[in-house]
1. Indicate the gyration tensor shape class of region 77-208 (rounded, prolate or oblate), computed on the Cα atoms with a ≥ b ≥ c the square roots of the eigenvalues: a/c under 1.5 is rounded; otherwise a/b larger than b/c is prolate and the rest oblate.
2. Once fully extended, how much extra length lies between Asn64 and Arg85, figured as 0.36 nm per residue of separation less the alpha-carbon to alpha-carbon distance?
3. How would region 130-175 be classified by its alpha-carbon gyration tensor: rounded, prolate or oblate, with rounded meaning a/c under 1.5 and the a/b versus b/c comparison settling the rest?
4. Label Ala166 and Arg56 with points 7 Å out from Cα along Cα→Cβ: what is the distance between them in nm?
5. Full extension from Ala75 to Leu140: what is 0.36 nm times the residue separation minus their Cα-Cα distance, to one decimal in nm?
Amino acid sequence: MILLLNFDQNGNENLGKRQETPQQRAFPGMSVTVQTVDRSGRDVHIFNREKKFGGREMGHRLLNKYLVLMDVGGAVYVLLELAWRGRSHWTMFVLGGLCFIGLGLINEVLPWDMPLWEQAAFGVLLITVLEFFTGCVVNLMLGWEVWDYSGLPWNILGQVSLKYSALWLPVSLAGIVLDDCLRYRWFGEERPRYNLGLTRKWRWSVRL
């Protein structure tokens, strides 16, 4: 009978090293695998605690990661509000955090080689939708009057306006890049790379 032990980096043994994936680098020390193999090849038993222990651990680490990203996004959003109009509201912290997480998920779902301006355009749409639904709740339903765009042209129920949607374009662009850098530096995820071309035929690429 052969006993193969594969402990994580906190253990004492690591027989048969495997190349780490970005997820393993981001969430180290999650799995313990014990494998017993009969020399005849007829009796093979594998006991893997990765799904039981590692899944719970991964869930905690994933939650912590998104809480950190939400804190960053919320803080930046509130600072932008203070700089733009001199006041803010705690709901803007929540909205900013959700927007930042959404911006970060754009190139987690869509391919990296999508032109950066297209990613930013998706970001503008995402922020506008989140702003609209947040405004419907905090302003129309709860009556907190956090903001009112009724006096601006091309507004929808006074909660979103084409004027501010255009301003979200540079904010969206900066948010996408900032999220990618934080994921790479803090959580060991894939190194950011961007397609800066304005057309599909002529593309410029850059890696951070």
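Each reported figure results from applying straightforward, stated rules to the coordinates on display, with no laboratory input. As the structure is a prediction and not an experimental result, all values here were calculated from the model. We place every Cβ from the backbone using ideal geometry, glycine too, and count neighbours over all the protein chains shown.
1. It is prolate, given that a/c is not under 1.5 and a/b is the larger ratio.
2. That works out to 4.4 nm of additional length.
3. Taking the square roots of the gyration eigenvalues as a ≥ b ≥ c, region 130-175 is oblate.
4. 5.5
5. Gain on extension, Ala75 to Leu140, equals 20.9 nm.
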